[in-house]
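The values are calculated or read from the model by the stated rules, or taken from the named source; none is laboratory data. Bear in mind the structure is a predicted one, so any value in this text is a computation, not a measurement. Ideal geometry is used to build each Cβ from the backbone, glycine not excepted, and the neighbour counts take in all protein chains shown.
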Amino acid sequence: MRTPLQIVFHQMQPSAALEAKVRRRVDALDRLGADIMRCRVGIEPQHRRHHNGNLFRVRVTLNVPGKEIVVSHAPAQDHAHEDAYVAIRDAFDAVRRQLADYLRVRRGEVKHHLAAVAAE
């Protein structure tokens, strides 16, 4: 990655453990072979006043050549996201899928439809 990772905690205290989890997930994305220029991760609880049952929202912005991949994983009422680690996992799984699709298109590994092939 060309620029350092930026992790922002909104309306909550910074956590070294959550930061380490995010860094491991970004390192895994970096190993896919993408030329990641910038990565910004925002983590925030949905409601400030809850102590139990608070859902977490994770937003990941990934800049690669020619594209910006943004995943804003805000759970509807998925109580699995009461755990910030699960919310991070789900957001990065979505980013990984989008990044893999981007890399397939960039490498030219996409299917050509029969109508497009017949027209040529």
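For segment 1-40, give me each residue that is among the charged types (D, E, K, R) and in contact with a strand residue (DSSP E or B) (Cβ under 7 Å, 6 or more places away or on another chain).
Result: Glu19, Asp35, Arg38, Arg40.
Considering each residue of segment 66-79 in turn, at least one proves to be over 20 Å from Lys21 (Cα atoms), among the acidic types (Asp, Glu), surrounded by fewer than 16 Cβ atoms within 10 Å (Cβ to Cβ) and modelled with pLDDT of 90 or more. Taking Ala87 as the residue in question, decide whether it is under 12 Å from the mean Cα position of the chain (by Cα), part of a helix (DSSP H, G or I), on the phi < 0 side of the Ramachandran plot and modelled with pLDDT under 95. When the stated conditions are applied, Ala87 passes them.
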